Amino acid sequence: MSAAAIARLEASRRQLRAALLDPGLPLEGLMLQRAARCANEALQPLLEPLARKHPWLLVAGAAALGGALVAARPWRWPLLALLPTLLPAVLPGLVAGIAQKGLLEALLALLQKPVKAPPPPAP
């Protein structure tokens, strides 16, 4: 391996270490961490007994779920193409709700938000 390649590899490793140790994650990273933490808190009481008794069943279920995701290819669904246009309209309310209540409660509040009805016609 040439000296230039080794220098590039070392520089890349330094950048990766700095990125992993940096506590200032972007908003997407923070939201994903919070979503993963909420999912862990919700699913751990359900999956822990199964993992203790039948760990291979849990692995097989994870593989089946991954296979179903690959077969379904949700990243190609037309609705997901609208996500970049819908996300800026929904994200501020969702983030504010997450900060106040929590992920599930914020989603439910966002879905249950009443739609303003048009005023009745004047007689």
Computed E for Trp77/Gln33 - FRET, C-beta separation, R0 35 angstrom, nearest 0.05 = 0.85
remark   = Sorting Val59, Val90 on solvent-accessible surface, 1.4 Å probe, most exposed first, gives Val59, Val90
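The values are calculated or read from the model by the stated rules, or taken from the named source; none is laboratory data. None of the values given here were measured: they were computed from a predicted structure. Cβ: placed from backbone, ideal geometry, glycine included. Neighbour counts: every protein chain shown. We work out accessible area using only protein heavy atoms, side chains counted, and drop any ligands, DNA or RNA first. Shrake-Rupley method; radii C 1.70, N 1.55, O 1.52, S 1.80 Å.
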